[in-house]
Amino acid sequence: MKHQSYPIFDASTIPDDLCPIATKPNPMLPGDWRSFRPIVDRAKCVKCAVCWLYCPVQCVVEKAAWFDFNLATCKGCGICAQECPQRAIRMIPEQS
């Protein structure tokens with residue numbers, strides 16, 4: 001008996017206009033719509049990396065003696081400030 005694999009689906013049968021929103025890349029970054037941004041108190045930061053572990057978008061950037069944030073990708077959720085054991089991160093309103 002000859003075994004033959006079949007494609008899961010035939011991509012040629014999918015219409016071009018099935019979901020135009022999901023097929024076109026959106027240039028907007030999470031930082032474009034945030035309302036709060038994180039600020040690091042460098043005197044309090046002990047570089048424990050808890051903020052780095054909990055950040056859902058991985059916008060935490062390592063510096064020589066502290067962690068900072070890539071504000072282009074930060075969505076302002078505040079998880080880093082909530083989880084910081086030293087309370088070295090606080091969220092401030094975004095300037096308009």
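Values in this text are rule-based calculations from the coordinates and carry no lab data. Just so it is clear, the model here is predicted, and its values are computed rather than measured. Cβ placement follows ideal geometry from the backbone for every residue including glycine, while neighbour counts extend to all protein chains displayed.
What ranking do 10, 32 get, fewest neighbouring Cβ atoms within 10 angstrom at the top?
The order, fewest Cβ neighbours first, is 10, 32.
Which whole-number percentage describes the relative contact order of the chain, with Cα contacts under 8 Å and a sequence gap of 6 or more?
34 percent
Which label belongs to the value computed from this structure, given these candidates for semi-axes √(5λ) of the Cα gyration tensor in Å: (1) 31, 24, 12; (2) 59, 19, 10; (3) 42, 20, 10?
(3)
For 2, 63, 75, what's the fewest-to-most ordering of other Cβ within 10 Å of each Cβ?
2, 63, 75
Within the chain, which is the longest segment containing none of the chymotrypsin sites (Phe, Trp or Tyr not before Pro) that sit in a DSSP loop and have at most 12 other Cβ atoms within 10 Å?
By the stated rule (loop sites, at most 12 other Cβ atoms within 10 Å), 34-96.
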